[in-house]
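**Student:** Before I ask anything, let me first share the structure, which is written out below as structure tokens.
The values are calculated or read from the model by the stated rules, or taken from the named source; none is laboratory data. Quick caveat, the model's predicted, so the values are computed rather than measured. Cβ sites come from the backbone with ideal geometry, for glycine too, and all protein chains shown count toward neighbours. Side chains included, ligands, DNA and RNA excluded: accessible areas come from the protein's heavy atoms. Shrake-Rupley method; radii C 1.70, N 1.55, O 1.52, S 1.80 Å.
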Amino acid sequence: MELFFNPFDNLLCILLGISFTVWFTLLLVFIIVPAIFGVSFGIRRLYMKTLLKIFEVRAPIIAREPTSLEEEIKEIRRSGSNKDLDSASEFEMSDIFYFARRGVESIMDDEVTKRFSAEELESWNLLTRSNNNFHYISLRLTVLWWLGLLIRYGILLPLRVTLAFTGVSLLVFLTSLIGLLQNGRMKNVLSEKVHLMCYRICVRALTAIITYHDSENKPKNGGICVANHTSPIDVIILASDGCYAMVGQIHGGLMGVIQRSMVKACPHIWFERSEVKDRHLVAKRLSNHVQDKSKLPILIFPEGTCINNTSVMMFKKGSFDIGATVYPVAIKYDPRFGDAFWNSSKFGMVSYLLRMMSSWAIVCSVWYLPPMSREEGEDAVQFANRVKSAIARKGGLVDLLWDGGLKRDKVKDTFKEEQQKLYSKMLVGTQEDRSRS
């Protein structure tokens, strides 16, 4: 019996050896070597163009033009009563119906809570939103849908999981080795090379096609890089084009292993859970870091939570209050290929990453804005708002004053009072309006 099974066992070993050799060669030639030197063969961009030609099916929707409450109510009053502009500010009983309608619309589709759910597409296509239950439309779309499901989950997902495991394993192993070296120029150079290589491997694990604009404005040592926040992969997107000092809370498990290995090779800033709420301690450690011009720029997402790729919400003032040069960065994902937004109240980190790796691709644009400094007489809040507005303009995002913390917290009374004053102004008019009448 042993002689009978030996040829089969030998053949199996040979096939496994050939498969491993081929896989390692492909990984080395097409992934690791390009990641080390920061080059691309253009395969991912060709893949993106092919996807658009094969799968995209458009179904346009009707969009409503946004208008302010004041403009809309004045237009209704003028058209309904044939009044001139001055008298159109007077309250009429018919205004009740308008306010009731707008109230219901605000509840159903307000500008804040919809930023915490998946972005609505301008057109439906087979590239994204295909995780929902299948609905028959036509034979051609049915074949494409099932073919796409097979390719994404049967071929792309296993390949991407393998690449992600390779990137993370290399990051932990190599940074731990570099941590054994003495501090100096050689250690810093090796650390930057390793971080860039590993992050670029992780980018390829997502089939991320990234276009970087205005690279002459890339963050420099001793500064703070601030960006809008859509997803945890924002870190990988930015770190694959430059090295940063990360800021965050110390975690356990696999994330804790990664953090401990990274900090051995590079001065990242990790806080214990008890230290995160100590603003003075956080500000002091950030300030000490940026004062050393030999250290990498700090990467911070001042919104404090993930927003759904349509807008930028209020920036926390902490990172704008330490007197460092700020390097704004705008990130905008193309929602046609995959929804990069992390809805943390709906998906855990593991399930979210699996969704990303089973999408067709992650396509995004990154804009490096010119560095900005705090102007004379400008406080931290005003500076933060100025940076936020610049990011929103460059990324084509909606600039909102609302706090992203509303994802979990209730609206503050001050915000309610402002809306009540606006409502009262529209009802009875200003003092000037009443004096004219």
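**Student:** Taking the Cα-to-Cβ direction at residue 47 and at residue 250 and moving 7 Å from each Cα, how far apart do the two end points lie in nm?
**Tutor:** 3.8
**Student:** Could you tally the net charge around residue 367, taking each other residue with its Cβ under 13 Å from the Cβ of residue 367, Lys/Arg +1 and Asp/Glu -1?
**Tutor:** That works out to +1.
**Student:** Can you bin region 201-299 into rounded, prolate or oblate? Criterion: square roots of the alpha carbon gyration tensor eigenvalues sorted a ≥ b ≥ c, rounded for a/c under 1.5, prolate for a/b above b/c, oblate for the rest.
**Tutor:** Oblate, because a/c is 1.5 or more while a/b does not exceed b/c.
**Student:** If you rank 289, 229, 251, 213 by how much accessible surface each has, with a 1.4 Å probe, what is the order from largest down?
**Tutor:** 251, 213, 229, 289
**Student:** Further, regarding this structure: So how much slack lies between residue 162 and residue 150, counting 0.36 nm per residue of separation and subtracting their Cα-Cα distance, in nm?
**Tutor:** Stretched fully, the residue 162-residue 150 segment lengthens by 2.5 nm.
**Student:** Please list 3J(HN,Hα) in residue order for region 323-329, calculated via the Karplus relation 6.51 cos²θ - 1.76 cosθ + 1.60 where θ = phi - 60°; whole Hz, with x for glycine and proline.
**Tutor:** Along region 323-329, the couplings run x, 9, 5, 9, 10, x, 9 Hz.
**Student:** Additional query: Please calculate how many Å² of accessible area region 136-282 carries per residue, with a 1.4 Å probe and no DNA, RNA or ligand atoms counted.
**Tutor:** Averaged over the residues of region 136-282, the accessible area is 50 Å².
**Student:** What does the accessible area of residue 30 come to, in Å² to the nearest 10, when a probe of 1.4 Å is used?
**Tutor:** Ignoring ligands and nucleic acids, residue 30 comes out at about 90 Å².
**Student:** Can you sort 234, 334 by 1.4 Å-probe accessible area, starting with the largest?
**Tutor:** Highest to lowest solvent-accessible surface, that is 334, 234.
**Student:** For residue 349, what accessible area in Å² do you get when you roll a 1.4 Å probe over the heavy atoms of the protein chains, rounding to the nearest 10?
**Tutor:** Here the residue's solvent-accessible area equals roughly 70 Å².
**Student:** Also: Please give me, ordered by residue number, the trypsin sites (Lys or Arg not before Pro) of region 254-336 that lie in loop per DSSP and have at most 13 other Cβ atoms within 10 Å.
**Tutor:** Here the trypsin sites (Lys or Arg not before Pro) that fit, given the DSSP loop and packing criteria, are 273, 277, 293.
**Student:** Here's something else I'd like to know. Got a sec? What order do 344, 319 fall in by accessible area at 1.4 Å, biggest, i.e. largest, first?
**Tutor:** Reading off the accessible areas and sorting them downward yields 344, 319.
**Student:** Test of understanding: what is the full-extension gain from residue 217 to residue 37, defined as 0.36 nm times their sequence separation minus their Cα-Cα distance?
**Tutor:** Here the answer is 62.7 nm.
**Student:** What is the extension gain from residue 140 to residue 25, computed as 0.36 nm multiplied by their sequence separation minus the C-alpha to C-alpha distance, in nm to one decimal?
**Tutor:** 37.7 nm
**Student:** Just to verify a number: FRET efficiency for residue 343 and residue 14, C-beta to C-beta distance, R0 = 56 Å, to 0.05?
**Tutor:** Efficiency computed from Cβ-Cβ geometry: 0.70.
**Student:** Could you please report the charge total around residue 222, scoring K, R as +1 and D, E as -1 over all other residues with beta-carbon less than 11 angstrom from its beta-carbon?
**Tutor:** +2
**Student:** Specify the inter-centroid distance of region 15-54 and region 346-363, based on alpha-carbon positions, in whole Å.
**Tutor:** 21
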